[in-house]
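Quick note: the coordinates plus some simple rules give every number you see, no bench work behind them. Small disclaimer: the values here were computed from a predicted structure and weren't measured. Counting neighbours? That spans all protein chains shown, and the Cβs are built from the backbone with ideal geometry, glycine included.
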Amino acid sequence: MPTFEEITAFVTEKPLATAVIALLSLAGLALAFLVIRVVWRTVAWLFARYVAPRPVEDVLTIVAASIATGVSAQGMWRFSGDVLGLDGPLRLLLFAFIEVAIITSAVRARRNMRENFSAGIDGIAVWALTCLTAVLSSMDARSMPEALFRLAAPLVAAWLWERGMAIERHRIRGTGRINWRLTPERLLVRMGLAEVSDRTASEVDAHRRLTRVALAAKRAKALREGGASERKMRVALSKLDKAMDQAVEHTGLAVDQGRQEALLAQIAALYNTSALIDADPRVPWEPEADHQPVPA
């Protein structure tokens, strides 16, 4: 870098060249200012047009998908050079053709969703091309962690795109998602590890203990009416007594009138199960007895 004395000497010796350099510098600064201003206005217009109206989750989805697509494209850059032997401008033009195809298919799928309410074959193409680029970019990895990372990045981008499509599908159709029969929640409920209702743990425990008492009472009553042996009666009465002791101890059955009524209601329902055979409920659409048909 020239010193201040050297610059002063150059200005003194060549004033015309110094003036030309100064004018060119001012013109360059003015041009740079204009370029920055145009770029700033363009970015502000794009933000106001495409980013501001969108929800935050849509913007974050696009950003995350773009990052994941960039990771996949970087893997394809190495694959095209190391495996395919491409170099120079040809490599620059061809390395990301699958990523471009994925973006094109995603745009077409979104248009199909808006016009035909279904992503169609383009939605399937997004997942197929994503799996293809994930496998190809991971084949040139230098370690197992790198291979897993390159496999995961395109799949993450495709998953984010799929979630965005699901939200848009719900907005267009006005329908919810599919209610699967086999879900983790249903399995936990089936195994007895979760509750369907929003009851507290103490309410669930009290209900189960009261039900245990009612079932034990029904069992003892059935054995007595069936003329069971004395040994079976002792076992049944012992279970009933044990269930009653636990209910009184853990549910407050002796002082809680609501739970006393709940226990009696369960016992009444269990004792009169056979009465369901003779029940004659009224059909909701059966006409009333005093109803007169309207003459034609």
For the chain, with a Gaussian network of springs between Cα atoms less than 10 Å apart, report the residue from Ser66, Ser105, Ser238 with the top mean-square fluctuation. Ser238
List the relative contact order of the chain as a percent without decimals, with contacts defined as Cα pairs under 8 Å and 6+ residues apart. 12 percent
From the helices alone, meaning DSSP H stretches of at least four residues, give me the mean residue ellipticity at 222 nm for the chain, per-run term -39500 (n - 2.57), in deg cm²/dmol to the nearest 500. -25000 deg cm²/dmol
Nearest 10 degrees, 0 to 90: what angle lies between the long axis of helix 56-82 and the longest principal axis of the chain (Cα atoms)? 60 degrees
Tilt of helix 120-139 relative to the longest C-alpha principal axis of the chain, in degrees (0 to 90, nearest 10)? 70 degrees
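With the Cα gyration tensor of the stretch 12-132 giving a ≥ b ≥ c as the square roots of its eigenvalues, does the rule (a/c under 1.5 for rounded; else a/b larger than b/c for prolate; else oblate) give rounded, prolate or oblate?
oblate
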Expected output is a single nm value to one decimal: the length gained when fully extending between Cys131 and Ala64, i.e. 0.36 nm times separation in residues minus the C-alpha distance. What is it? 22.4 nm
Relative packing of peptides 138-148, 81-91 - highest average C-beta neighbours within 10 Å first: 138-148, 81-91
Cross-link partners among aspartates and glutamates for Lys14, C-alpha distance below 18 Å, same-chain residues fewer than 8 apart left out? Glu5, Glu6
Mean separation of Cα contacts under 8 Å (at least 6 apart) over the residue count of the stretch 55-173, i.e. the relative contact order in percent, is 34 percent
Would you compute, for the Cα atoms of the chain, the largest minus smallest coordinate along each principal axis and list the three values in descending order, in whole Å? 128, 69, 46
Rounded to 0.05, the calculated FRET efficiency for the beta carbons of Glu5 and Ile36 at R₀ = 35 Å is 0.55
Mind ranking 206-219, 264-277 by how tightly packed they are, going by the mean number of other C-beta atoms within 10 angstrom, highest first? 206-219, 264-277
How much net charge surrounds Thr130 when only the other residues with a Cβ under 11 Å from the Cβ of Thr130 are counted, with Lys and Arg +1 and Asp and Glu -1? -2
Of Ala152, Ala134, Ala27, which has the largest mean-square fluctuation in a 10 Å C-alpha GNM of the chain? Ala27
When the charge dipole of the stretch 198-272 is computed with +1 on Lys and Arg Cβ and -1 on Asp and Glu Cβ about the Cα centre, the Cα farthest towards its positive end, among Ser202, Gly226, Gln246, belongs to Gly226
